[in-house]
Amino acid sequence: LVITGTNIVVTGSSVGATWETGEPYHAGNSGGASVWWSWTAPSSGAATISTARSSFDTLLGVYTGSSVSALSTIASNDDENSGAGIYTSKVVFDVVANQTYQIAVDGYGGAPGSVQLSVQLGPLVPKPPAPGWACPDPYGQMVTSTIYAGKVVVLDFWATWCGPCKAEMPDFVALQDTYRADGLVIVGADGGWSGDTPQVVQSFLATWTPAINYQIVMADAAMIQAYGGISSIPTTFIIDRQNIIRKKYVGTQTRSTFEKQIISLLYCNTCLACQRSGNQMVFRLPTNAQTFTLESASTPKS
């Protein structure tokens, strides 16, 4: 269904709804009874989308793309605040004028019910810096966020017993291998949930394949609270070189979803080195992993 405007409330029902072939898992849950809306942002700004006052435990996913099997995740959420008993969903993210966003509402475990969807568009809000932290790794060595200044950081809250967390780990290993030299840092933060002691994490790391090639830390209560309280895992933050949180994902994401975010932050506004050599100009792009194409034209205007 197409919706328009900047302050929208619509109602509907997912009773009798089904799951389409190729449909993504919204907020990392298989769901099974999804209904969809399509909204084009009339201007750039900060969008807040909520399923508050729906009658069931919802899953919410927001995407771009014109085919259900070729969507890019923009934002997703299972529970707005499960600790406070709020099992409806809410996301807040920046939108671009005239971009169309596909909004899916599903039910946790495939549960159906009455849906109330609200979409509000407000002005862009300056983003605060990502909270700093200092936590030990599983072997007792202290690690601080300051050592990653100027890097693109993927901060992933996980646990050794969490199946959806472990599903992402081979992709994190591959991404760290590919983009380390260009400034990517992946940090896995285990909050000690359900008996994940440093010794348990050490044993996990000793046997897990592929071998973990990125930093693991034992997140303390202060770090967890600083990042809004972690009610579901995996929860992953993408932090840019200026230490601003650019994305938050709840639930398992694909490598391609992370890679799209990482590439734009690693290489956006990259300065080319250029040097005249006789009647030629030599350009150098400071990248080890990302390929590029140089196009030429007969005039500078072209």
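In a Gaussian network model over the chain where Cα atoms closer than 10 Å are linked, find which of Ile147, Ile262, Ile239 has the largest mean-square fluctuation.
Sorting by GNM fluctuation, first place goes to Ile147.
Any idea how far apart Ala181 and Gln141 come out in nm if each label point goes 7 Å out from Cα toward Cβ?
2.3
Within region 137-240, which trypsin sites (Lys or Arg not before Pro) sit in a loop by DSSP and count at most 15 neighbouring Cβ atoms inside 10 Å?
Of the trypsin sites (Lys or Arg not before Pro), not one in the loops of region 137-240 has a Cβ with at most 15 other Cβ atoms within 10 Å.
Quick check: the distance between the Cα centres of region 179-248 and region 89-112, to the nearest angstrom?
25
Cut-off 20 Å, label point 7 angstrom out along Cα-to-Cβ of Ala111: give me the residues of region 69-85 whose amide nitrogen falls inside.
Under 20 Å, as judged by backbone N against the label point of Ala111, lie 76-85 of region 69-85.
What number, rounded to the nearest 500 deg cm²/dmol, is the helix-based mean residue ellipticity at 222 nm of the chain, given -39500 (n - 2.57) per DSSP H run of at least four residues and division by all its residues?
-4500 deg cm²/dmol
Please list, or write none, the aspartates and glutamates whose alpha carbon is within less than 14 Å of the alpha carbon of Lys247, excluding same-chain residues fewer than 8 places away.
Asp94, Asp156, Glu259
Can you bin region 160-262 into rounded, prolate or oblate? Criterion: square roots of the alpha carbon gyration tensor eigenvalues sorted a ≥ b ≥ c, rounded for a/c under 1.5, prolate for a/b above b/c, oblate for the rest.
Cα axes put region 160-262 in the oblate bin.
Note the full-extension length gain between Thr40 and Lys127 as 0.36 nm times their separation in residues minus their Cα-Cα distance, in nm to one decimal.
Result: 29.0 nm gained on full extension.
Grab the beta carbon distance between Gln99 and Ser231, set R0 = 35 Å, and tell me the FRET efficiency rounded to 0.05.
The pair Gln99/Ser231 has a calculated efficiency of 0.75.
Select from Gly192, Gly228, Gly163 the residue whose mean-square fluctuation is largest in a Gaussian network model of the chain (Cα-Cα springs shorter than 10 Å).
Of the options given, Gly228 has the highest mean-square fluctuation.
Could you calculate the contour length gain from Asn213 to Ala52, that is, 0.36 nm times the residue separation minus the distance between their Cα atoms, to one decimal place in nm?
Extending this stretch completely gives an extra 53.9 nm.
Under a plain spin-label model, where a point goes 7 Å from the Cα along Cα-to-Cβ, how far apart in nm are Cys268 and Val2?
3.0
Place a label point 7 angstrom from the Cα of Thr254 along the Cα-to-Cβ direction, then list the residues of region 154-169 whose backbone nitrogen is under 20 Å away.
Under cut-off, by backbone N: 164-169.
Lone cysteines in the chain, defined as no other cysteine's Cβ under 4.7 Å from theirs: which are they?
Here Cys135, Cys268, Cys271, Cys274 come out as lacking a disulfide-compatible partner, given the Cβ-Cβ threshold of under 4.7 Å.
Could you tally the net charge around Asp79, taking each other residue with its Cβ under 10 Å from the Cβ of Asp79, Lys/Arg +1 and Asp/Glu -1?
-2
Counting residues in the chain as N, plug N into 2.2 N^0.38 Å and put the Cα Rg over that result.
1.10
Throughout, read-outs are computed from the coordinates displayed, never taken from laboratory work. Everything numeric in this text was worked out from a predicted model, so none of it was measured. So basically every Cβ, Gly included, is an ideal-geometry build from the backbone, and we count neighbours across all protein chains shown.
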